[in-house]
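Q: Below is the structure I would like to discuss, written out as structure tokens.
The values are calculated or read from the model by the stated rules, or taken from the named source; none is laboratory data. Keep in mind it's a predicted model, so treat the numbers as computed, not measured. All Cβ positions, glycine included, derive from the backbone under ideal geometry; neighbour counts span all protein chains shown.
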Amino acid sequence: MNRTLQFTFSVLTFFIMLSGCQKEMSIENGNGNGTTTPPINTPTTGPDSNYLSRFFYIYADPSGIDTTDNWIYSYDNLKRVTSLVDSTPDLAPIYLQEAYRYSYNGTDTVPYKTTHYYYSLVEKDTIEIWHYFDAGGKKGRDSFITRSLNTSLSVPTYSVNTDVSRYIYNGNTIFGIKYSPTTVLATDTATLDANGNLVSNTKLRGSQKIISTATFDNHPSPFTHLSNFKTFMIFPSGETFLEEFPQQNNLLHMYEVSTGINPHLYDGDDYTGHYIYKNNGYPQEILLPNTPTDYFKIAFVYQSL
């Protein structure tokens, strides 16, 4: 690591652990309005058919066809994403609903807050995330409050947790640190390619080390010009799916290996050579065929706003 970056990262860690944690937690817990100034972008006007209406997964085999992960977008009159909802009735009752709601300050086109809901038969999680951006539009911090209700036990349990993620940028490198009021939870060191796609990351989480590598095509991603693009996670999780990790271009392959406690390998589907593109370069579908009656497809549906 560059000595200057190492010094910066060390100072940040020291500041976080000794003086910043509890103050920031109390701010988000008290009102959480994310009042630092996010970047303000001018909304586009006129016909535009490049806005996602939904995207969904299709699994087909000789026994039939299942549609899963059916993500549906809603927009307001400023073409801002207001919600992203997974409507997948064939997975109920095991998996009932996952949804994201986005909150904005005035006419800003970048959300200051995301509320993430995950409901199942035995678990209800609500995660509120406040986003803070610098003047150049880069995300400097995410602050989280997670409320969980678990009814799988004879006595239901309810918990509330708070944590913060900070990000430092230097050229094509991003450093991240996630911490609770009392401890550092994880650190990340990522490398970007010339287009700004994250192509490698090393995550340290306790005694666990997760190394992730990714490749991308050279076509525009349909997620980049949407108002919620900068709200998604910056670093891979260890088992990262396409919709969790939008980048400047379209994901071809994600490979992640974990060592330490609970070692595992996540080798995602390889989409290389399997994209079908629209005339404007945006993806129309990803098709991984085995036979005409046995295939996996991700389809993208667009609309004009």
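Q: Which one is nearest to A99 (Cα to Cα), of the residues in the stretch 66-80 that are of a type in the set (S, T, N, Q) and modelled with pLDDT of 95 or more?
A: Only one residue fits best here, namely S74.
Q: Another question, then. Scan the stretch 209-231 for residues that are outside any strand (DSSP E or B), buried (at least 18 other Cβ atoms within 10 Å of the Cβ) and of a type in the set (V, I, T) and jot them down.
A: In the first step, residues of the stretch 209-231 are kept if they are outside any strand (DSSP E or B); the result is 221-231.
Next, only the ones that are buried (at least 18 other Cβ atoms within 10 Å of the Cβ) stay: 221-223, 226-228, 230-231.
Once the filter is applied, which keeps residues that are outside any strand (DSSP E or B), buried (at least 18 other Cβ atoms within 10 Å of the Cβ) and of a type in the set (V, I, T), the stretch 209-231 yields only T231.
Q: Can you tell me which condition G176 does not meet? The list is (1) under 20 Å from the mean Cα position of the chain (by Cα); (2) at positive phi, and all the others hold.
A: Evaluating G176 over (1) under 20 Å from the mean Cα position of the chain (by Cα); (2) at positive phi leaves (2) as the failure.
Q: Let me spell it out: the conditions are (1) in contact with a strand residue (DSSP E or B) (Cβ under 7 Å, 6 or more places away or on another chain); (2) surrounded by fewer than 20 Cβ atoms within 10 Å (Cβ to Cβ); (3) under 15 Å from P283 (Cβ atoms), and Y255 meets all of them except one. Which number is the exception?
A: Only one criterion is unmet by Y255, namely (3).
Q: Y179 passes all but one of (1) in contact (Cβ under 8 Å) with a residue 40 or more places away in the chain; (2) over 30 Å from E285 (Cβ atoms); (3) surrounded by fewer than 18 Cβ atoms within 10 Å (Cβ to Cβ); (4) not β-branched (V, I, T); which number fails?
A: Status for Y179: all satisfied but (3).
Q: Filtering the stretch 193-208 down to residues that are at pLDDT 95 or above and not in a strand (DSSP E or B), which residue is surrounded by the most Cβ atoms within 10 Å (Cβ to Cβ)?
A: Within the stretch 193-208, the match that is surrounded by the most Cβ atoms within 10 Å (Cβ to Cβ) is N197.
Q: Just one of (1) farther than 24 Å from N250 by Cα; (2) in contact with a Phe, Trp or Tyr (Cβ under 9 Å, 6 or more places away or on another chain); (3) modelled with pLDDT under 95 trips up K138, so point out which.
A: (1)
Q: Please indicate, with yes or no, whether at least one residue in the stretch 261-283 is part of a strand (DSSP E or B) and in contact with a Gly (Cβ under 9 Å, 6 or more places away or on another chain).
A: For the stretch 261-283, residues part of a strand (DSSP E or B) and in contact with a Gly (Cβ under 9 Å, 6 or more places away or on another chain): present.
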